[in-house]
Amino acid sequence: MINDHVIKSPGITEYIRAILRGSGQVMFQGSAWTGLLFLCGIFWGAYQEGQAAVAWGALVGVVVSTLAGYVLHQPRNDGAEGLWGFNGILVGCAFPTFLGNTLLMWLALIFCSILTVWVRTGFNNVMVPWKTNSFTFPFVFMTWIFLYAARMLQGMPPEYMSAPELTAHLSSSLDVSFGSLVVYWLKGIAQVFLINSWVTGVFFLAALFVSSRWAALWAAIGSALSLAIVLLYQGPGSDIANGLYGFSPVLTAIALGCTFYKPNWRSAIWALLGIVATVFIQAGMNAMMLPFGMPTFTAPFCLATWLFLLPLYKFDNKEPDHSQWHKKAANK
């Protein structure tokens, strides 16, 4: 009898599909086409911003983490749905964004991407009693560890990391013309993969639309509402302009609005509350990490979504299964 684990090497088509779905699963989409468009958006934005290493890091991260899942005989269904690769691709985006482009950095990137595969399994096992999962926290946790290590290891210099500060220097100057606001809104979506390009945001919305119109809508709402909140509360101008208050609310919006709950008016209200909460969690975590010179990554999304899933509220006649990753597009 064939079990759920890997017992033979995957075919090249299966492997490529798993890689592409790993890219798509960052935003809960198990569609290979969505994953392909995400990668196109990453490459476009990274090259546009003169950060080609980020694009290639993303590709390396998703490839090696997906391969690690096969080698480690992780559940085959997880691999087919791209669940081995989504943390790895984020590691691949983060390392070249914050660290110097050295051979040792690339070796560390590969090692960290592989680590996320079994770290995810461990975290998920711990969280089973709460009927939720680790989301992108394996990426957050492992990347924090490696970035802290980089401050002590010259082989992967922290060239682009912020200097530790005790107080924030908030800039108030910000262009709030309609065109600029649209750019900030789109960048909030692009920054899910640490890409600072509004064109990439367009790619990502199109990619989401291919898989789920609800996901595309909630991504747009998440970035727009978070932008409105941070403008209302006069957040740092540079962070707003670069979309840095949008990416975690985008993920929260997709998770609560159409992934773990069936879309309806009750879950919509819940998702809107989650988006607003994520903005304040983002600001609080930014202040908390400031003395360490460390980015928050998608930790605000993880924390906010856990807080809104743990009550196990029902918004329709079907009890949501929060312990499983989004799978409805797995056959695409």
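The values are calculated or read from the model by the stated rules, or taken from the named source; none is laboratory data. Values in this document were obtained by computation on a predicted structure and should not be read as measured data. So basically every Cβ, Gly included, is an ideal-geometry build from the backbone, and we count neighbours across all protein chains shown.
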- Note on the structure: Wholly inside the stretch 208-326, helices (runs of 4 or more DSSP H) that include 1 or more residues that are more than 23 Å from CYS93 (Cα to Cα) are 213-232, 237-241, 265-289, 299-309
- Tally the residues that are over 17 Å from ALA299 (Cα atoms) and in contact (Cβ under 8 Å) with a residue 40 or more places away in the chain, restricting the search to the stretch 114-141. 7
- For SER180, all conditions in the list (1) surrounded by fewer than 18 Cβ atoms within 10 Å (Cβ to Cβ); (2) modelled with pLDDT of 95 or more; (3) outside the structural domain of SER223 (by TED's automatic domain parsing) hold save one; what is the number of the exception? (3)
- Being modelled with pLDDT of 95 or more, in contact with a helix residue (DSSP H, G or I) (Cβ under 8 Å, 6 or more places away or on another chain) and assigned to a helix (DSSP H, G or I) narrows LEU36, LEU104 down to just LEU36
- Query: Only one of SER65, SER113, SER134 is outside the structural domain of SER211 (by TED's automatic domain parsing), at negative phi and assigned to a loop (DSSP other than H, G, I, E, B); which?
  - Reply: SER134
- Task: Considering each of GLY61, GLY45 in turn, give the residue that is under 15 Å from the mean Cα position of the chain (by Cα) and crowded, with 24+ Cβ neighbours inside 10 Å.
- Result: GLY61
- Take THR143 and decide whether it is under 22 Å from PHE247 (Cα atoms), β-branched (Val, Ile, Thr) and either surrounded by 14 or more Cβ atoms within 10 Å (Cβ to Cβ) or not assigned by TED's automatic domain parsing to the domain that holds ARG21 (or both). yes
- Any idea which of SER197, SER171 is in contact (Cβ under 8 Å) with a residue 40 or more places away in the chain, surrounded by 13 or more Cβ atoms within 10 Å (Cβ to Cβ), hydroxyl-bearing (Ser, Thr, Tyr) and out of contact with any Lys or Arg (no Cβ under 8 Å at 6 or more places or on another chain)? SER171
- Item | Test for VAL182: is it in contact with a Ser or Thr (Cβ under 8 Å, 6 or more places away or on another chain) and not in a loop (DSSP other than H, G, I, E, B) | no
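Only one residue in ILE254, ILE269 is at pLDDT 95 or above and surrounded by fewer than 20 Cβ atoms within 10 Å (Cβ to Cβ). Which one?
ILE269
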- Message: I need the full set of residues from the stretch 152-168 which are surrounded by 15 or more Cβ atoms within 10 Å (Cβ to Cβ) and of a type outside the set (A, V, I, L, M, F, W, C), in order please.
- Response: PRO157, PRO158
- Result of the Cβ filter at 6 Å on the stretch 293-308, keeping first residues that are farther than 18 Å from LEU272 by Cβ and touching a residue at least 12 places away in the same chain (Cβ under 8 Å) and partners that are surrounded by 21 or more Cβ atoms within 10 Å (Cβ to Cβ) and among the small types (Gly, Ala, Ser), at least 6 apart or interchain, is THR298/SER248
